Amino acid sequence: MSYITAWFAPLVICVIVVTGMIRTDNVFSHFTSGATMGLKTVYSIAPSLVGLIVAVQMLKSSGAVDILTYALTPIADILHIPKDVMPLVLLRPVSGSGALAMLDRLVATAGADSISGRVASVLCASSETTFYTTTLYFSSVRIKRIRHTLIAALIADFSCTIISAITVNLFFG
Amino acid sequence: MISYVWGGMMLLSLICAAITGRMPELSNAVFSGGESAISLCISLLATIPLWSGLMNIAESSGIVRLISRMLRPLFRLIFRISPDSKAAGAICMNVSANMLGLANAATPFGIKAMGLLQDENPSDDTASDDMITFVLINTASVQIIPTTVAQIRAKYGSASPMDIICCIWITSICTLIIALIANVILRQFSGGRKCHI
C-alpha cells in the first residue's frame, strides 16, 4: 500500500510538467515565477510561525496536557473513549509531530491491534493540527479576526474523537 | 481571536508549569520553540516555492481548470464564490492534494487560495465566510490512504495495518460534515458581516 502512495508525488509532478510542456510555451519560466511568489509567502508567514510554535512548545512542556487529561477522565468514561487515548486527543490539534510521537508510543505500549491503539490511529488519521493550520492560513493574508473558525474546528475535532471511538467499537469491539 | 488564544496558551503554560513543577522545562521550551519554528520555515522554504511553481504551470496549462470542473457540483454546495474564479482553482488543487496525502503540496495551494480569497474579501482584517469554510475543510482533513498511521501500526506488529481504513473514512467524512454544519450555524452569530461575495 505504501508502495502505491509512493507513486503519487512523482506522478503528480510529471503530469503537471509534461502537460505544461505540451500546452504552454515556456514551462520553466512559469515554474520560476510561481516559485518566486512562494518564497515571498514563506517570508511573510515566518514571524507568526515563530510566535505560535513557541507558545505550543510552552504548552506541551508545562504539563498542561496531563492536568487536562485528569480533569477530562469522567467525560472520557461516558463517551467510551479509552483512557490512554485522552492525552493524544488534547495534543492532536496543537502539535502534529508531538501527536505522531505520542501515537507511536501509545501503539507500542497498548498494542497495534488493541482498541486503544486503533482508536488512536483513527483519530490521528482523521484530524489535522488545527491550531497550526488556522494560524498559518490566516496569518498568510494578515487576517486578525477569524470569527468562529476555531470554535467550529474544535467542535469538529471533538466529534472526531467520539466518532473514532464509535466506529472502532462497531468494527472491532 | 488569535491574540487571545496565543496569550491564553502562554498564561496557561505558566500556571500549569507552576503547579507541576516543570518550570525548567518551560524555560527551555521558550528557546527551543523558536528554533523549531525556524527549522519548520526552512523546510517550508524548500517545499512551498517548488509547489507554487508547479501550481503556476498547472494553472497556465489548464490542469487546474479541469480539476475544478470535476469538483464543481460539490464546490457550489459549500462555497459562495464562483466555481470559475482563480480562488476556486487553488481551493480544488489544495483539496485534491490533501486527499492524496501530499501535505507538502497542499499547503502552498492553500496559501495561494487564501491570498485569492482575500482579494475578494471586503475587509482587511476580518475573515470572509469562504475563508472560514476553506480553513475548516483543511482542519477536518480527509485522506484517502492514511500511510503514516499504517506505517506506525505495521512497525508494532499489526496483523493488518490498513484494516482501520473504513473507520478512518467514516470518521473523516462525518467530521467534515459536522465542521460544515457548525460553520453554517455559527456564522449567523459571529460578526454578521453580510458579505455575500
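Structure data summary
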read-out	value
Odd one out for A:A9 among (1) closer than 30 Å to B:I152 by Cα; (2) in contact with a Pro (Cβ under 8 Å, 6 or more places away or on another chain)	(2)
Pick from the stretch B:93-107, criterion within 18 Å of A:C14 (Cβ to Cβ) and not small (G, A, S), ranking: surrounded by the fewest Cβ atoms within 10 Å (Cβ to Cβ)	B:N104
Count - residues of the stretch A:146-157 that are assigned to a helix (DSSP H, G or I) and among the charged types (D, E, K, R)	1
Per-region count, the stretch A:93-109, residues more than 22 Å from A:I155 (Cα to Cα), out of contact with any Lys or Arg (no Cβ under 9 Å at 6 or more places or on another chain) and surrounded by 18 or more Cβ atoms within 10 Å (Cβ to Cβ)	1
For A:I163: the one exception among (1) in a helix (DSSP H, G or I); (2) farther than 19 Å from B:C166 by Cα	(2)
Residue within the stretch A:115-138 that is under 23 Å from B:I165 (Cβ atoms) and basic (K, R) present	yes
The one condition in (1) at pLDDT below 95; (2) under 18 Å from the mean Cα position of the chain (by Cα) that B:A159 fails to fulfil	(2)
Qualifying residue in the stretch B:64-81 (condition: within 19 Å of the chain's Cα centre (by Cα), charged (D, E, K, R), modelled with pLDDT of 90 or more and buried (at least 17 other Cβ atoms within 10 Å of the Cβ))	no
Only listed residue being touching a residue at least 60 places away in the same chain (Cβ under 8 Å) and surrounded by fewer than 24 Cβ atoms within 10 Å (Cβ to Cβ), chosen from A:L170, A:L136, A:L150	A:L136
Hits in the stretch B:82-111 (condition: assigned to a loop (DSSP other than H, G, I, E, B), under 15 Å from the mean Cα position of the chain (by Cα) and small (G, A, S))	B:G101
Residue within the stretch A:74-92 that is within 18 Å of the chain's Cα centre (by Cα), over 22 Å from A:A156 (Cβ atoms) and of a type in the set (V, I, T) present	no
The stretch A:119-146, residues that are in contact with a strand residue (DSSP E or B) (Cβ under 8 Å, 6 or more places away or on another chain) and hydrophobic (A, V, I, L, M, F, W, C)	A:I143
Within the stretch A:77-145, helices (runs of 4 or more DSSP H) holding 2 or more residues that are at pLDDT 90 or above and at the interface with chain B (Cβ under 10 Å from one of its Cβ atoms)	A:96-110, A:115-126, A:130-140
Pairs with Cβ under 7 Å, 6+ apart, first in the stretch B:44-56 and facing chain A (nearest Cβ under 7 Å), second surrounded by fewer than 18 Cβ atoms within 10 Å (Cβ to Cβ) and at pLDDT 85 or above	B:P49/A:L39; B:G53/A:T32; B:L54/A:I13; B:N56/A:S33
Residue in the stretch B:25-33 that is within 30 Å of A:M21 (Cα to Cα), out of contact with any His (no Cβ under 7 Å at 6 or more places or on another chain), within 8 Å of chain A (Cβ to nearest Cβ) and without any contact (Cβ under 8 Å) to a residue 24 or more places away in the chain present	no
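Results for (1) more than 30 Å from A:A165 (Cα to Cα); (2) in contact with a helix residue (DSSP H, G or I) (Cβ under 7 Å, 6 or more places away or on another chain), shown as yes or no for each residue.
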| residue | (1), (2) |
| --- | --- |
| A:W7 | yes, no |
| A:P10 | yes, no |
| A:M21 | yes, yes |
| A:N26 | yes, no |
| A:T41 | yes, yes |
| A:I81 | no, yes |
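The values are calculated or read from the model by the stated rules, or taken from the named source; none is laboratory data. What you are looking at is a predicted structure, and each value in this text was computed from that prediction instead of being measured. Glycine gets a Cβ as well: all are built from the backbone with ideal geometry, and neighbour counts include every protein chain shown.
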